[in-house]
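Enquirer: For reference, the structure I am asking about is given below.
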Amino acid sequence: MKLQESPHRIHVLSPATVNQIAAGEVVERHASVVKEIVENAIDAGARSIRIEITSASGAIGSIRVTDDGYGMSAADALLAFTPHATSKIATIEDLHTVRTLGFRGEALASIAAVAKVILVSKPRDSGAAAGIRIVIAGGAVQETAEVGAPEGTSVEVGDLFFNTPARKRFQKSLNTEITRIHAIMEGICLAHPGISFRLFHNKAEQLVTDHTSQALDTIARLYGSETANTLIPVESALPFMAISGYISRPSLSRKDTRRIFVAVNGRYVSSILVTNAAKEGYATLLPKDRFPVAFLDLEIDTALVDVNVHPTKKQVRLSREKEIAQAVRDAISTALMIHDLIPDVKKPARLPAQEPTLTGVQETTRSYDLTGPEPTGVSEPTHAGTALSDRRLRQTELVTGLLPVSPAIPPMEVIGQFGGIYILATTGSGELMLIDQHAAHERILYEQVTRRSGAEHRSQELIVPAILHRSPKDAAILRELMPALAEEGVVIEDFGSDAFVVRAIPVVLGKFEGNRIIDDLVSDLVTSEPARTVTDREKITRILACRGAIKAGTVCTQEQCQRIVNQLRFTKNPFTCPHGRPTMIRFSRADLDAMFKRT
């Protein structure tokens, strides 16, 4: 009796099946086709590249990419559709020095396996009278012929996934697919400003850049001259890498990282390492939930870059990660600190999410309780709050406080206070400055705490220790934070079941005003959301600065307001509080004239 053959017997897949599986790794959607073919055109030395998308009935019908690159002979054009055929590398050693965008030799073969492809190519400066035209469908060559053609290459891809209907069903809406193509092209354009790109959808021009030696020109083309004119250049060089590009001022930020563009050796990539480092370079200039706009070009020793870690080459692996991340952080921090970062009233603090008001001033999301009588002018109070403010201001004038630095903002003369929140001041050049007194004093305290050396006295012992009771969950978190708290002057000890005794508080908090401030401090620590890039010590320092600073709503004398402004001038970063909120906004005389329609 003949045994039944096992259904699990090992066998070799057919070439067609292998190609379709490979296509699944390389060709995810229409944007993948655009990326692969455009990158081939760049590698072919193209100086201008044209992308034409056609669609009908809510779906993309065809993609055509035309370039003026080197072109191909008839033999090379046919060979280009063979799996693992490439002109980019010859041996395994070449992977360590590869500078081209493509090298695997999979793209054209993978695309042709799941689509209908027409390629027309003619070598540059060959003197040939005609080029080659090749038609392939589902990986099979349908036609080859000589045709009249310009120098360069044109690749038209139609009916994508015609032979893999399951994958075709998973494609998104037309708008989504077009948006993804735009996103891919934006990154490629930014990484290659020396190439002219034109993108069309149903013959309507969607994107255009010019051949230029200045990346800023390409940024202006894509995002407008208003954005480009506000950017700050970044330049840095190390023995193993160079960093160049542009970053936004803190007044221009986003709620996501989609405007942080990173190119490594001319390859537009997604890099969590570099993206996080870019955010960290802003330190306290941005809130934890806001991200900068950045266009960064990294030239790194090819021996430190592994580009062979992802089928579509979206990601690269970097050696010496810590040094690269630190270099990015330092380059951005240095660039920011040498520029005036005070936001003008006409420039929104964030990318606009709504129409501007008639005055041109953006509404803010921050609100205060201003109940009570409206202030009629500058007041000179003499109540207990003034004495507390005086103690806190003296604290930030101690010899252990700020180091002398060259002021980053001009001298200002205080002319009043509004609502116990904002200080009004003028500069020698006639500008009106609105200063958030809490944010300003918070910045002063923060820098005072962070600049102290570990040997300096940070604590003041309490005559009567304070007892705290926390929930089991909070108690567990607090026990983990106790060593870091002690470094900053908050001495807390276990006192039995979920109870703690506070024996000392930081000097920066001034006179001990009761258990509430300690309880609030601990509550802030155990309930604040963890930040991936902020250490426990940094979190504690920020909270101490916030709790010790003069509060919004505190009415100060004009002399006290002047002391806040003077102290702020001598901080290293006077532009934001430790949480990234602006400390001041500037109104020029022209701004005010325009608001009152005097121009």
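Enquirer: Report, in listed order, any pair from LYS172/LYS322; LYS116/LYS172; LYS288/LYS322 with a Cα-Cα distance greater than 30 Å.
Expert: Pairs exceeding 30 Å: LYS172/LYS322.
Enquirer: Taking H as built 1.01 Å from N, whose amide H comes closer than 5 Å to the amide H of THR571, not counting residues under 5 places away?
Expert: Distant-sequence amide H within range of THR571: zero hits.
Enquirer: Residue by residue through the range 583-599, what is 3J(HN,Hα) from phi via Karplus (6.51 cos²θ - 1.76 cosθ + 1.60, θ = phi - 60°)? Round to whole Hz and write x for glycine and proline.
Expert: Each residue of the range 583-599 in turn: 8, 7, 9, 10, 10, 7, 4, 5, 4, 5, 4, 5, 5, 8, 6, 9, 10 Hz.
Enquirer: What are the ³J(HN,Hα) couplings of the range 228-235, residue after residue, when phi is run through the Karplus curve with 6.51, -1.76, 1.60 and θ = phi - 60°? Round to Hz, x for glycine and proline.
Expert: 4, 5, 8, 6, 10, x, 10, 9
Enquirer: Then there is this: Return an integer: the convex hull volume of the alpha-carbon atoms of the range 219-332, in Å³ per residue.
Expert: Values: hull volume 11.5 nm³, N = 114.
Normalising the Cα hull of the range 219-332 by residue number yields 101 Å³.
Enquirer: Please list, in order along the range 426-441, the HN-Hα scalar couplings obtained from phi with the Karplus expression 6.51 cos²θ - 1.76 cosθ + 1.60 (θ = phi - 60°), rounded to whole Hz, x for Gly and Pro.
Expert: Each residue of the range 426-441 in turn: 10, 9, x, 8, x, 8, 9, 10, 10, 10, 7, 5, 5, 4, 5, 5 Hz.
Enquirer: For the range 570-599 and the range 197-254, write down the distance between their C-alpha centroids in whole Å.
Expert: 26 Å
Just so you know, all these numbers are worked out from the coordinates, no wet-lab data involved. This is a predicted model, so every value here is computed, not measured.
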